[in-house]
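What follows draws every value from the coordinates through simple rules; no lab data is involved. All of these numbers come straight from a predicted model, not from anything done at the bench. Here the Cβ positions follow ideal geometry from the backbone for every residue, glycine too, while neighbour counts run over all protein chains shown.
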Ligand code: SF4
Ligand code: SF4
């Protein structure tokens, strides 16, 4: 197998699709009192917009997919409708 076959076609890069925050109809809201710091949300976010240090979410690029909320084992992220 050569090196070409060993790389994925793409991987998450913050803002790679432009300002994906404009796609959003729902936004994730972190409930810090519930967060255990497991980092699953950071790991799974396809836009790479959750900060590892404090789980702050960059809403300029968060597209509102809800994967972070779905993967959080303690329900520390809620998806709420955009106004
Ligand atoms: S909803 Fe969550 S997983 Fe989806 S882009 Fe926004 S921060 Fe990332
Ligand atoms: S997945 Fe949930 S508990 Fe884990 S770091 Fe993210 S918000 Fe916190």
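Using the average count of surrounding beta-carbon atoms within 10 Å as a protection proxy, the listed peptides 31-41, 49-59, 63-73 rank, highest first, as 63-73, 49-59, 31-41.
Residue 36 to residue 81: FRET efficiency via 1/(1 + (r/R0)^6), r the Cβ-Cβ distance, R0 30 Å, to the nearest 0.05? Show your work: numbers first, answer last.
Values: r = 26 Å, r/R0 = 0.87.
Working from the Cβ atoms, E equals 0.70.
Label-to-label distance, residue 43 versus residue 74, with points set 7 angstrom from Cα along the beta-carbon direction: 1.6 nm.
Each of residue 23 and residue 53 was given a label point 7 Å from its Cα along the Cα-to-Cβ line. The distance between the two points is 2.8 nm.
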